[in-house]
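Q: Got a structure here, written out as structure tokens. Questions coming.
Read-outs throughout are calculated quantities, based only on the coordinates presented, and are distinct from any laboratory measurement. Computed from a predicted structure; not experimentally measured. Cβ coordinates were reconstructed from backbone atoms using ideal geometry, including for glycine residues, and neighbour counts include every protein chain displayed.
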Amino acid sequence: MAIPSPGDENVYMAKLTEQVERYEEMVKFMENVASAIPRPDELSVKEHNLLSVAYKNVIGARRASWRIVSSIEQKEEGHGNADHDAVILQYKSKIEVSCRKYAPEF
């Protein structure tokens, strides 16, 4: 029985984490794969797709959270509750920081 290479093991773990919807872990496994090759264009189609799926799901969930809190922020404007406004703004900022971890241009 052949011992799997670290790259093969990371790809397998990425597939496993995708199935259980643990996308942050999936990103880490695929970053391991990508960092082990000299150039990004040397990723196989399968590896490229896994990397894309990982980032799409991680940032997609955060963007959805940001859109929801932004909508709540707009609804709360003008209600005169400064405490709520401050809490919403603080939470929105926290979500933005989380988004920038995976998408710096956010």
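Q: Can you say whether Asp41 is surrounded by fewer than 11 Cβ atoms within 10 Å (Cβ to Cβ), acidic (Asp, Glu) and closer than 20 Å to Val11 by Cα, as far as the supplied structure shows?
A: For Asp41, the condition - surrounded by fewer than 11 Cβ atoms within 10 Å (Cβ to Cβ), acidic (Asp, Glu) and closer than 20 Å to Val11 by Cα - is met.
Q: Another question, then. Is there any pair linking a residue in the range 42-54 that is on the phi > 0 side of the Ramachandran plot to one that is exposed (fewer than 12 other Cβ atoms within 10 Å of the Cβ), with Cβ under 7 Å and at least six apart or on different chains, and which?
A: Short answer, once both residue conditions are applied: none.
Q: I'm trying to understand the selection: among the residues of the range 19-74, which are under 16 Å from the mean Cα position of the chain (by Cα), in a helix (DSSP H, G or I) and more than 26 Å from Glu96 (Cβ to Cβ)?
A: Gln19, Asn32, His48, Asn49, Leu50
Q: Examine the range 16-25 for a residue that is hydrophobic (A, V, I, L, M, F, W, C), crowded, with 17+ Cβ neighbours inside 10 Å and out of contact with any strand residue (DSSP E or B) (no Cβ under 9 Å at 6 or more places or on another chain), and state whether such a residue exists. Explain how you work it out, then say what you get.
A: Residues of the range 16-25 that are hydrophobic (A, V, I, L, M, F, W, C), as a first pass: 16, 20.
Checking which are crowded, with 17+ Cβ neighbours inside 10 Å leaves us with none.
No, because not a single residue in the range 16-25 is hydrophobic (A, V, I, L, M, F, W, C), crowded, with 17+ Cβ neighbours inside 10 Å and out of contact with any strand residue (DSSP E or B) (no Cβ under 9 Å at 6 or more places or on another chain).
Q: Hey, another quick one. What number of residues in the range 69-88 are of a type in the set (A, V, I, L, M) and either surrounded by fewer than 12 Cβ atoms within 10 Å (Cβ to Cβ) or closer than 26 Å to Leu51 by Cβ (or both)? Spell out the reasoning first.
A: Of the range 69-88, the ones of a type in the set (A, V, I, L, M) are 69, 72, 82, 86-88.
Imposing the further condition that a residue be either surrounded by fewer than 12 Cβ atoms within 10 Å (Cβ to Cβ) or closer than 26 Å to Leu51 by Cβ (or both) reduces the set to 82, 86.
Residues meeting the conditions: 2.
Q: While we're here: Considering every residue within the range 62-80, establish whether at least one is touching a Phe, Trp or Tyr at 6+ places or on another chain (Cβ under 6 Å), in contact (Cβ under 8 Å) with a residue 24 or more places away in the chain and closer than 25 Å to Glu31 by Cα.
A: no
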